[in-house]
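Worksheet: the structure to be examined is printed underneath.
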Amino acid sequence: MGRVSSVLIAFMACLMAASVRGEDPYIYYTWNVTYGTVAPLGVEQQGILINGQFPGPEINSTSNNNVVINVFNFLDEPLLFTWNGIQHRKNSWQDGTLGTQCPIQPGTNYTYHFQVKDQIGSYFYYPTIGMQRAVGGFGGLRIYSRLLIPVPYADPADEFWVLIGDWFGKSHQTLKQFLDSGRSIGRPSGVHINGKNGGLEPAYTMEPGKTYKYRICNVGLKDSLNFRIQGHSLKLVEMEGSHVVQNQYDSLDVHVGQCFSVLVTADQEPKDYYMVASTRFAKKTLGATRIIRYSNGVGPASPELPPAPEGWAWSLNQFRSFRWNLTASAARPNPQGSYHYGQINITRTIKLVNTLSRTGGKLRYGLNGVSHVDPETPLKLAEYYGVSDQVFKYNIISDDPASPIGDLACAPNVINATFRDFIEIIFENPTKVPQSYNLDGYSFFAVGMEPGKWSPEKRKNYNNLDGVSRHTIQVFPKSWSAIMLTFDNAGMWNLRSELGENRYLGQQLYVSVLSPNRSLRDEYNMPDTQVLCGIVTDLPEPPPYSS
């Protein structure tokens, strides 16, 4: 009997050890964030480096990994990072925006800890305070599929990051001063590819006959960019975390905040070829080139660059061609068990109209008549500590704004969303400038996109657009775009324009999704390491959520 008991105890101990070992893996990074010299357009200026690198180091993870990043701020100003497209399930504490976190002060550090739960694909990170993103601090974040999860294409010979963006050639402090004084930051000075604009040294080398994956992200502030590779086609296989139907493209329009993964086969004459990124929808076209070299190449790249497409209608039609690969094995939401969008029971429709105002000679942007301002106390902390009524008011905008929208009011812009409600959001863009929006914490379905004004009758068109699950939505000039999602991720989530100037000047809001039961099944407690600021600094910590 004693032997049986000892064997049973040993067996239980093994089970407990296996349980501990069964936790999803951890990966660790230490970042030293400093100023340094950068020269994307050939002129030296002050930039933001991470561990001395520009662009910053890659975060290399696998689905469900726990990512731990200890950030040391050696700048002379506050700092935060956001992880563009990462859902942070139950964990808006790590989202890295001024609505959820107190800044990392100069000379201090903060450790981010988040899980890339049930996600795959190409993403990027960047600093969120002020206009810091304009001078660096950004880098790629890749999430591989877990082993044994089939991927709908053969493993590439190698993978290459292509971080493209417009560049303004001014310090972020100068750009911030422009905006604070009421003026625009104007047009960019140029475009970069991985922090450079030109040169004959190869960015990457390919071996003949092999296929490579290029992870392309637009990390800029303002301009949509067209990306192409001289003499090569791009097979699109993934965008913003979703496997897609694999179509071939001569070029891709990559809007601000978006990421694509493409396969490129080295099947051309062995020599050098140009990668090209150039601005779209601008009066003056700006571009950048970098060299791709065949390992056995014997000649220079042709000086004749492939032309970019013209007009925003071309871009709209390309965007409509993207289709979700529903046969691929990958984590993906399936709202109410249906992909027939027109038949889904919509609980609420929110229409968001972007506007600008120059009241008092100062430029401001807003949504539904409100230009967001960040209070001293982060919105999430105010809500968690039960003092939100001292910091902001909920729902100061209407779900269906009156037309026309007059002068903008400046205030924290926070709307409530009922936990697990299925909501349709309509982005209406009455301006002549393309817009891009991102909603932290969620993937959503882009199911409608048309010129003109939206109306409920146009919902019937949803069945004609399969769409793709994504985190960034493009809204073309004088057009609307519709998304659908289930608000099943409790927290305080930032919905923002991806255009740096628009976001800084108020074209953003926060969506508060509260757990009705204050349960750990729905949301994590505030981390013990969370920095406090504003009116909650000396308040007693609220009772933790229960299990």
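The values are calculated or read from the model by the stated rules, or taken from the named source; none is laboratory data. If you're wondering where the values come from, they're calculated on a predicted model, not measured in any experiment. We place every Cβ from the backbone using ideal geometry, glycine too, and count neighbours over all the protein chains shown. To get the accessible areas, we keep the full protein, side chains included, count just its heavy atoms, and leave off ligands, DNA and RNA. Shrake-Rupley method; radii C 1.70, N 1.55, O 1.52, S 1.80 Å.
Some points to look at:
- Which listed residue, of 237, 191, is hydrophobic (A, V, I, L, M, F, W, C), in contact with a Gly (Cβ under 6 Å, 6 or more places away or on another chain) and in a strand (DSSP E or B): 191
- Residue pairs whose Cβ atoms lie under 7 Å apart, separated by 6 or more positions or on different chains, with the first residue in region 304-326 and more than 21 Å from residue 288 (Cα to Cα) and the second at pLDDT 90 or above and in a loop (DSSP other than H, G, I, E, B), are 316/476; 321/247; 323/245; 325/152; 325/245.
- Residue satisfying condition, being open to solvent by less than 40 Å² (accessible area, probe 1.4 Å) and either touching a residue at least 12 places away in the same chain (Cβ under 8 Å) or touching a His at 6+ places or on another chain (Cβ under 9 Å) (or both), within set 407, 440: 440
- The one condition in (1) more than 30 Å from residue 175 (Cα to Cα); (2) part of a loop (DSSP other than H, G, I, E, B) that residue 512 fails to fulfil: (2)
- Among residues of region 404-438, those that are touching a strand residue (DSSP E or B) at 6+ places or on another chain (Cβ under 7 Å) and either of a type in the set (A, V, I, L, M) or not assigned by the TED database to the domain that holds residue 475 (or both), counted: 10
- Verdict on residue 495 being out of contact with any His (no Cβ under 7 Å at 6 or more places or on another chain), modelled with pLDDT of 95 or more and among the hydrophobic types (A, V, I, L, M, F, W, C): yes
- Residue 500 falls short of the stated requirement of being surrounded by 15 or more Cβ atoms within 10 Å (Cβ to Cβ) and in contact with a Ser or Thr (Cβ under 7 Å, 6 or more places away or on another chain).
- No other residue among 176, 222, 213 is more than 30 Å from residue 117 (Cβ to Cβ) and outside any loop (DSSP other than H, G, I, E, B) apart from 176.
- Test: residue in region 524-546 that is out of contact with any Gly (no Cβ under 8 Å at 6 or more places or on another chain), outside the structural domain of residue 415 (by the TED database) and within 19 Å of residue 347 (Cβ to Cβ): no
Conditions (1) over 25 Å from the mean Cα position of the chain (by Cα); (2) within 28 Å of residue 478 (Cα to Cα), marked per residue:
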| position | (1), (2) |
| --- | --- |
| 351 | no, yes |
| 367 | no, yes |
| 370 | no, yes |
| 389 | yes, no |
| 393 | yes, no |
| 399 | no, yes |
| 407 | yes, yes |
| 427 | no, yes |
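- Applying the criterion of being part of a loop (DSSP other than H, G, I, E, B) and open to solvent by 80 Å² or more (accessible area, probe 1.4 Å) to the residues of region 299-331, the residue that is modelled with the lowest pLDDT is 327.
- Failed criterion for residue 165 (all others in (1) part of a loop (DSSP other than H, G, I, E, B); (2) open to solvent by less than 10 Å² (accessible area, probe 1.4 Å); (3) closer than 18 Å to residue 277 by Cα hold): (1)
- Of the residues examined, residue 56 is one that is buried (at least 24 other Cβ atoms within 10 Å of the Cβ) and over 14 Å from the mean Cα position of the chain (by Cα).
- Where strands (runs of 3 or more DSSP E) sit wholly within region 364-465, those with at least 3 residues that are within 30 Å of residue 542 (Cα to Cα) occupy 414-417.
- Residue count, region 240-264 (criterion: within 23 Å of residue 312 (Cβ to Cβ), open to solvent by 10 Å² or more (accessible area, probe 1.4 Å) and assigned to a strand (DSSP E or B)): 2
- The selection criterion, being out of contact with any Phe, Trp or Tyr (no Cβ under 8 Å at 6 or more places or on another chain) and under 21 Å from residue 501 (Cβ atoms), does not hold for residue 354.
- The single condition from (1) in contact with a Leu (Cβ under 7 Å, 6 or more places away or on another chain); (2) part of a loop (DSSP other than H, G, I, E, B); (3) closer than 20 Å to residue 256 by Cβ that residue 102 fails is (3).
- Any hit, region 197-207, residues being surrounded by 24 or more Cβ atoms within 10 Å (Cβ to Cβ), part of a loop (DSSP other than H, G, I, E, B) and out of contact with any Asp or Glu (no Cβ under 7 Å at 6 or more places or on another chain): no
- Residue-level analysis places residue 425 among those that are within 30 Å of residue 281 (Cβ to Cβ) and in contact with a Leu (Cβ under 8 Å, 6 or more places away or on another chain).
- Region 113-153, subset charged (D, E, K, R) and outside any strand (DSSP E or B), residue most open to solvent (accessible area, probe 1.4 Å): 146
- Of the residues making up region 481-499, those that are part of a strand (DSSP E or B) and within 17 Å of the chain's Cα centre (by Cα) are 483, 485, 492, 493, 494, 495, 496, 497.
- Tabulated pairs, region 524-547, first surrounded by 13 or more Cβ atoms within 10 Å (Cβ to Cβ) and modelled with pLDDT of 95 or more, second part of a loop (DSSP other than H, G, I, E, B) and charged (D, E, K, R), C-beta under 6 angstrom, 6+ apart or interchain: 524/90; 534/376
- Whichever residue in region 392-424 is aliphatic (A, V, I, L, M) and within 17 Å of residue 491 (Cα to Cα) and, among such residues, is modelled with the lowest pLDDT: 423
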